[in-house]
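Visitor: Handing you this structure, nothing more for now.
The values are calculated or read from the model by the stated rules, or taken from the named source; none is laboratory data. All values reported here derive from a predicted model rather than from experimental measurement. So basically every Cβ, Gly included, is an ideal-geometry build from the backbone, and we count neighbours across all protein chains shown. Each accessible area value is taken on the protein alone, full model and side chains, heavy atoms only, with ligands, DNA and RNA left out. Shrake-Rupley method; radii C 1.70, N 1.55, O 1.52, S 1.80 Å.
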Amino acid sequence: MKNVAQLCLDFTSLFEAEVLVTLMLHRWQHPYADDKDFANELLEDAAQLLRMAVNGEGSPPGIPAESLSLIAAIWYAEQQKLTSESPEAEKRQAWLAAVRRSLPSCFCDPGDLVS
């Protein structure tokens, strides 16, 4: 049986993954929401993070590699790109904060959600 990271990695090859990235960028007002190249690169970076998680090569702190979701991978890919010198750094940081605040269950061990 496939785990969450494997299922999400499979999903990255579908058109619907592109739609999800676009919706996320627009919904939380990312400064590059209208930049298709940025969105495509973000999805590719998220897919690479999922590949690494599937191979047990790590994931964001607090999330077991096998439980890394596509949303968390997208978020983490943007966080990794962002530096204080990045263009629109403050707006990009606000996007990261808004996504994390809106979808907190994507950023923890799913086992912590079960009582």
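Visitor: Is it true that V99 is part of a helix (DSSP H, G or I), surrounded by 18 or more Cβ atoms within 10 Å (Cβ to Cβ) and of a type in the set (V, I, T)? Show your work before the answer.
Guide: On the way: part of a helix (DSSP H, G or I): yes; surrounded by 18 or more Cβ atoms within 10 Å (Cβ to Cβ): yes; of a type in the set (V, I, T): yes.
Yes.
Visitor: So which of A46, A77 ends up being modelled with pLDDT of 90 or more, within 15 Å of V4 (Cα to Cα) and crowded, with 19+ Cβ neighbours inside 10 Å? Talk me through it step by step, then tell me what you get.
Guide: Numbers: A77 fails: within 15 Å of V4 (Cα to Cα).
Being modelled with pLDDT of 90 or more, within 15 Å of V4 (Cα to Cα) and crowded, with 19+ Cβ neighbours inside 10 Å holds for just one of A46, A77, which is A46.
Visitor: Restricting to the range 43-56, count the residues that are assigned to a loop (DSSP other than H, G, I, E, B) and among the acidic types (D, E).
Guide: Going through the range 43-56 one residue at a time, the tally reaches 0.
Visitor: Right, here's the next one. Output the residue which, of all residues in the range 1-42 that are part of a loop (DSSP other than H, G, I, E, B), hydrophobic (A, V, I, L, M, F, W, C) and touching a helix residue (DSSP H, G or I) at 6+ places or on another chain (Cβ under 9 Å), is least open to solvent (accessible area, probe 1.4 Å).
Guide: Kept after step one, since they are part of a loop (DSSP other than H, G, I, E, B), are these residues of the range 1-42: 1-3, 12-14, 28-35.
Still in the running and hydrophobic (A, V, I, L, M, F, W, C): 1, 14, 28, 33.
Going one step further and asking which of them are touching a helix residue (DSSP H, G or I) at 6+ places or on another chain (Cβ under 9 Å), we end up with 28, 33.
Values: W28: 45, A33: 17 Å².
Taking the candidates together, the pick is A33.
Visitor: Need the failing condition index for V54 against (1) β-branched (V, I, T); (2) surrounded by 16 or more Cβ atoms within 10 Å (Cβ to Cβ); (3) over 20 Å from P110 (Cβ atoms), just the number.
Guide: (3)
Visitor: Also: Kindly indicate whether S105 is open to solvent by less than 40 Å² (accessible area, probe 1.4 Å) and free of Cβ contacts under 8 Å to residues at least 12 places away in the same chain.
Guide: Here the answer is no, as S105 does not meet what is asked.
Visitor: Looking for whichever is more than 17 Å from L7 (Cα to Cα), out of contact with any helix residue (DSSP H, G or I) (no Cβ under 8 Å at 6 or more places or on another chain) and modelled with pLDDT under 90 here; the options are P104, P61. Which one fits? Walk me through it before giving the result.
Guide: Working: P104 fails: modelled with pLDDT under 90.
From the options P104, P61, the qualifying one is P61.
Visitor: Let me ask something additional. Quick check on my filter: what residues within the range 83-96 are at pLDDT below 95 and open to solvent by less than 60 Å² (accessible area, probe 1.4 Å)?
Guide: Listed by number, the list holds a single entry, S86.
Visitor: Note down all Cβ pairs under 6 Å where the first residue falls in the range 73-91 and is part of a helix (DSSP H, G or I), the second is at pLDDT below 95 and surrounded by 13 or more Cβ atoms within 10 Å (Cβ to Cβ), and they're at least six residues apart or on different chains.
Guide: Y76/P60
Visitor: Then there is this: Among the residues of the range 74-89, count how many are in contact with a Pro (Cβ under 9 Å, 6 or more places away or on another chain) and over 18 Å from A46 (Cβ atoms).
Guide: Total satisfying the criteria: 2.
Visitor: Looking at the range 57-72 only, could you name the residues that are over 19 Å from A98 (Cα atoms), open to solvent by less than 60 Å² (accessible area, probe 1.4 Å) and part of a helix (DSSP H, G or I)?
Guide: Those that are over 19 Å from A98 (Cα atoms), open to solvent by less than 60 Å² (accessible area, probe 1.4 Å) and part of a helix (DSSP H, G or I): A65, S67.
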